1. Within region 1-57, report the trypsin sites (Lys or Arg not before Pro) that DSSP leaves as loop and that have at most 16 other Cβ atoms within 10 Å.
2. Taking the alpha-carbon centroid of each part, what is the distance from region 77-113 to region 31-52 in angstrom?
3. Shape of region 63-122 from its Cα gyration tensor (a ≥ b ≥ c, root eigenvalues): rounded if a/c is under 1.5, otherwise prolate when a/b > b/c, or oblate?
4. What accessible area per residue comes out for the chain, rounded to a whole number of Å², with a 1.4 Å probe?
5. Can you tell me the order of 7-18, 106-117, 76-87 when each peptide is scored by its average per-residue count of other Cβ atoms within 10 angstrom, highest first?
6. Could you derive backbone 3J(HN,Hα) for region 9-23 from the dihedral phi with the Karplus parameters 6.51, -1.76 and 1.60 (θ = phi - 60°), listing whole Hz in sequence and x where the residue is Gly or Pro?
7. Subtract the Cα-Cα distance of Lys43 and Val104 from 0.36 nm times their separation in residues, and report this length gain in nm to one decimal.
8. May I have the count of lysine pairs in the chain with C-alpha atoms under 26 Å apart, counting pairs 8 or more residues apart or located on different chains?
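The values are calculated or read from the model by the stated rules, or taken from the named source; none is laboratory data. Not measured: the values here are computed from a predicted model. Don't worry about glycine lacking a Cβ; one is built from the backbone with ideal geometry, like all the others, and counts go over all protein chains shown. Note: areas computed on protein heavy atoms with side chains; ligands, DNA, RNA excluded. Shrake-Rupley method; radii C 1.70, N 1.55, O 1.52, S 1.80 Å.
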Amino acid sequence: QVQLVESGGGLVQTGGSLRLSCAASGRTFSSYAVGWFRQAPGKEREFVAAISGLGGATSYADSVKGRLTISKDNAKNKMYLQMNRLKPEDTAVYYCAADRVFAVVRTTPTYWGQGTQVTVSS
């Protein structure tokens, strides 16, 4: 069982930066691949980024490549999403997620956080 709690969302202007954090419970965080998803108003939840358990592999949605960076600190049981050059279309509720399988965390992860709002003003 893994419990996830996001933090770091807020309001930022176009071109600005934010860093989201996600704290995980449990003693085997390094065994889990983790990822970020987002859901904008009126749209379906979409994949943003993922990283493997030990951090050796990453995956990004095309829309965020080069602007958003996922990272993971297994010693602290935390994961992060550094968001730079933000755009109004990045406005959404952002969710962290975890699963033991890297391929699965990018599609249908088992564990989810409660979400944190990110709003980018134009």
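1. Answer by residue number: Arg27, Lys43, Arg45.
2. Going from one Cα centre to the other spans 4 Å.
3. Verdict is prolate for region 63-122.
4. On a per-residue basis, the chain sits at 51 Å².
5. Ranking, from highest mean packing down: 76-87, 106-117, 7-18.
6. Working through the residues one at a time gives x, x, 9, 9, 7, 3, x, x, 10, 8, 10, 8, 10, 9, 9 Hz.
7. 19.8 nm
8. The result is 7.
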